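I have placed the structure first, in the form of structure tokens, so that the comments after it can refer back to it.
The values are calculated or read from the model by the stated rules, or taken from the named source; none is laboratory data. Please read all numbers here as calculations on a predicted model, not as lab measurements. A quick note on method: Cβ atoms are made from the backbone with ideal geometry, for glycine too, and the neighbour counts reach across all protein chains shown. Calculation scope for accessible area: heavy atoms of the full protein, side chains included, ligands and nucleic acids excluded. Shrake-Rupley method; radii C 1.70, N 1.55, O 1.52, S 1.80 Å.
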Amino acid sequence: MDLFGQIYRRRSQHRFRETEKLSDDELRSVSETISAAVPLDSSIRTETAIVPASETSCKLGAEYCILFYSEKKGDWLRNVGYIGEQIDLSLTAQSIGTLWYGFGKTKEKKRNGLDFVIMIAISKVPADSFRVSPSQAKRKPVEKTWNGGLLSIAETVSLAPSAVNTQPWYAEFEKGTVRIFRNAKNLLMPSTVTDYFNRIDIGIYLCILEVCFSHVGIAYKRQLFSDIKKSKEVMILAASYELSAGEGQIRRITGYEDDMRSVSYSLDSGAAADLETGEMIRRLETYYGSFEWKVDFQSDEAGLLPPDLKRGVLSEDGINELLDRYRCLTGVAD
Ligand SMILES: Cc1cc2nc3c(=O)[nH]c(=O)nc-3n(C[C@H](O)[C@H](O)[C@H](O)COP(=O)(O)O)c2cc1C
């Protein structure tokens, strides 16, 4: 399931309002969503439980809380963040409101030998409880958290939620590789609390980053780095992603390139007004204004595309000229 659109919609329901009870079917779907989430590290044992919010310290109006338990092994906090964010986005797609609730407590501190890590409070909420524009999210300017190209991806990933909105990530994109750091310099909370939550935040960020890459068809090789020792470093390397144009991205660019050539041929041969040409023009116009075009353009700038890939459609002049020619010949104004 492509969860990309949910990155823009999701928001923390700090107060769950006008909630409705989840039906049995909906609750079953929540369980399936939880089961479908994949870990970053499958060698770490984890479990989840869905419990009525009344059985926890959550007094924010949510109906249930999803409790996360984990073995304290390796990068277990990052792993829970990564798993939980898949659930957060999937539940948003089902119009179920969520809140990562770091300060939430439960009596059941252990489950099958695993330790309680964190909870996500959930409830069915009205449709207008979700974001309609990324500008509704308060985030650091993207230049503070990302260095290098692929800025459209950077802007989207910056919408990742984090404890107290600390956004403890820093990404460097260079020579086709993005390196993600945990920024351990944080004065908002005592450092043990910060370290705990910010490791979860990094897992969340990695999940959202991968959702973006998959959505646009960028292929990646992920390498994870251990972030478990006490370190004096301020920027702690958490992961790197070696990027390349994936099949999806190449297919998309080639498809629009073909459309561009066909339209160009039709215009040259005086067939500008036929239905097929009109449809291709509309497709090209939509692509040109899309997130995908920006990412394809930025991928080209970053040297991610194969050298022999035909990509006239990524030249701003080329596509503008074609659209102008079409409008002139058909009398269609923009
Ligand atoms: C690990 C984690 C713990 C959080 N804990 C709390 C919490 O205890 N109470 C709360 O109201 N919000 C909590 N939040 C929500 C953040 O405050 C919120 O994600 C952040 O302000 C960004 O806003 P947004 O999620 O609406 O985009 C937590 C978020 C994360 C990722």
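Values as computed for the structure displayed
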{"read-out": "Enumeration of residues in the range 1-29 that are more than 25 Å from the chain's Cα centre (by Cα) and open to solvent by 40 Å² or more (accessible area, probe 1.4 Å)", "value": "R17, E18, T19, E20, K21, S23, D24, D25"}
{"read-out": "Some residue of the range 46-62 being in a helix (DSSP H, G or I) and exposed (fewer than 14 other Cβ atoms within 10 Å of the Cβ)", "value": "yes"}
{"read-out": "Matching option when the condition is assigned to a helix (DSSP H, G or I) and within 13 Å of the ligand (Cβ to nearest atom), among V117, V164", "value": "V164"}
{"read-out": "Filtered residues of the range 96-114 (kept if within 16 Å of the ligand (Cβ to nearest atom) and small (G, A, S))", "value": "G97, G102, G104"}
{"read-out": "Matching residues, the range 179-200, being in contact with a Leu (Cβ under 9 Å, 6 or more places away or on another chain) and buried (at least 19 other Cβ atoms within 10 Å of the Cβ)", "value": "R179, I180, F181, R182, T194, D195, F197, N198, R199, I200"}
{"read-out": "Every residue from the range 104-123 that is touching a helix residue (DSSP H, G or I) at 6+ places or on another chain (Cβ under 9 Å) and open to solvent by 50 Å² or more (accessible area, probe 1.4 Å)", "value": "K107, E108"}
{"read-out": "Breaking point among (1) in contact with a His (Cβ under 9 Å, 6 or more places away or on another chain); (2) more than 12 Å from the ligand (Cβ to nearest atom), for G74", "value": "(1)"}
{"read-out": "In the range 120-142, residue nearest to the ligand (Cβ to nearest atom) [restricted to those that are assigned to a strand (DSSP E or B) and either of a type in the set (V, I, T) or at pLDDT below 95 (or both)]", "value": "I120"}
{"read-out": "Which numbered condition V295 misses (of (1) modelled with pLDDT under 95; (2) open to solvent by less than 40 Å² (accessible area, probe 1.4 Å))", "value": "(1)"}
{"read-out": "Hey, R222 basic (K, R) and either in a helix (DSSP H, G or I) or touching a Leu at 6+ places or on another chain (Cβ under 6 Å) (or both) or not", "value": "no"}
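Listed here are the residues, each with its yes/no results for (1) outside any helix (DSSP H, G or I); (2) of a type in the set (V, I, T); (3) open to solvent by 50 Å² or more (accessible area, probe 1.4 Å).
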position: C207; (1), (2), (3): no, no, no
position: D227; (1), (2), (3): yes, no, no
position: E233; (1), (2), (3): yes, no, yes
position: R251; (1), (2), (3): no, no, yes
position: A272; (1), (2), (3): yes, no, no
position: E276; (1), (2), (3): no, no, yes
